[in-house]
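Q: Below are the structure tokens for one structure; questions will follow.
Readers should treat all values here as calculations from the given coordinates under stated rules, not as data from a laboratory. Given the structure is predicted, the values throughout are model-derived calculations rather than measurements. Reconstructed Cβ throughout: ideal geometry from the backbone, glycine too, with neighbour counts over all protein chains shown.
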């Protein structure tokens with residue numbers, strides 16, 4: 001056998017092994033982390049979401065929006081219990097993540113498009129007003145909702161949010177993984193075997209300098225992101241985000257709802273200086289909380305603080321609504 005033939009045979013063997021591993025992994029992930037909520041029809045597909053009812057029908061709605069590489073369980077597991085009862089909680093899998101469809105493929109990488117689909121899902125649930133709590137990537141989504149669907153958003157709590165353009169781009173593999181041809185090949189044969197080896201160290205890096213819960217990957221269903229279609233959707237979300245926030249950030253002065261921004265000072269994933277401190281200056285009356293010694297996951301390190309800020313934003317929103325009604329009555 002010539003060297004070229006040997007190299008070709010080895011490469012073919014690696015591809016076949018990767019394909020076999022990926023197929024087995026997808027079967028395992030689907031069985032291990034099945035849908036835990038309900039499906040709601042939207043234009044072109046369905047959105048999967050988790051819910052916790054309020055103790056009364058009139059309980060305010062809190063919309064929880066997860067970041068990149070995740071799904072609704074991340075937010076529900078961290079702060080859902082603390083919010084339960086006083087609020088009706090709705091936590092969707094963003095389009096292409098978890099068990100939600102991605103009706104328009106890469107077009108749905110846009111936070112604006114995801115906002116439209118989530119608004120449709122909320123309308124199907126009878127939700128017309130909500131406090132939006134968003135982590136990381138979904139900082140751009142939450143602010144898109146506040147800007148383009150202002151009637152829906154009564155308040156914002158942003159956790160380590162992405163809101164502004166940043167230098168340096170994104171991690172190298174997001175580019176090829178997001179493409180149609182290369183991305184399909186990469187995710188079909190290599191994302192699952194490579195990702196399985198690095199997922200837990202990657203989680204530790206996101207939490208740094210804090211320690212993630214020992215069972216975080218299992219409780220949050222983080223393994224689902226290694227499935228080919230979801231890995232590609234996640235890569236597209238991240239790859240296209242910079243262009244979106246470049247266009248959106250000059251508009252943040254239009255946001256007028258009560259807003260809290262919480263960010264760890266040691267966050268190595270999303271810069272508090274570039275994002276949180278910048279948007280705090282643009283949104284009138286925004287409250288900025290910087291947490292010393294905290295990384296990218298403040299909803300896990302300080303869940304009580306997040307819940308208390310949701311309460312504060314809800315109270316401010318209720319007061320503003322009552323004042324508006326008194327003005328209208330005059």
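Q: When the chain is treated as a GNM, springs tying every alpha-carbon pair under 10 Å, which of 267, 215, 237 comes out with the largest mean-square fluctuation?
A: Per the Cα network of the chain with a 10 Å cutoff, 215 tops the list.
Q: Taking a label point 7 Å from the Cα of residue 32 along the Cα→Cβ vector, which residues of segment 181-203 have an amide N closer than 20 Å to it?
A: Backbone N within reach: 187-203.
Q: Springs between alpha-carbon pairs under 10 angstrom, Gaussian network model over the chain: which of 304, 43, 51 fluctuates most?
A: The residue that fluctuates most here is 43.
Q: Under a point spin-label approximation (7 Å from Cα along Cα-to-Cβ), what is the residue 128-residue 268 distance to one decimal in nm?
A: In this crude spin-label approximation the distance works out to 4.8 nm.
Q: Nearest 10 degrees, 0 to 90: what angle lies between the long axis of helix 3-32 and the longest principal axis of the chain (Cα atoms)?
A: It works out to around 40 degrees.
Q: Can you give the angle from 0 to 90° between the axis of helix 303-329 and the longest principal axis of the chain, with both taken from C-alpha atoms, to the nearest 10?
A: Helix 303-329 sits at roughly 40 degrees to that axis.
Q: Follow-up. Compute a Gaussian network model of the chain, connecting alpha carbons closer than 10 Å, and tell me which residue from 227, 106, 31 fluctuates the most.
A: 31
Q: So, one more: Report the Cα centroid-to-centroid distance between segment 28-86 and segment 108-185 in angstrom, as an integer.
A: 15
Q: Moving on to the next point. Looking only at segment 104-118, which residues have a backbone nitrogen under 18 Å from a spot 7 Å from the Cα of residue 39 in the C-beta direction?
A: Only 104-105, 117-118 pass the distance filter.
Q: Okay, next question. Helix 228-248 sits at what angle to the longest principal axis of the chain, using alpha carbons and giving 0 to 90 degrees rounded to 10?
A: The angle comes out near 50 degrees.
Q: Using r as the Cβ-Cβ distance of residue 214 and residue 2, and R0 as 45 Å, what FRET efficiency do you calculate, to the nearest 0.05?
A: 0.35
Q: Another one. Calculate the FRET efficiency for residue 289 and residue 179 from the Cβ-Cβ distance with a Förster distance of 45 Å, rounded to the nearest 0.05.
A: The value I calculate is 0.70.
Q: Another question, then. At 0.36 nm per residue, and after removing the present C-alpha to C-alpha distance, how many nm does the segment from residue 247 to residue 277 gain when stretched out fully?
A: Taking residue 247 through residue 277 to full extension adds about 9.0 nm, to one decimal.
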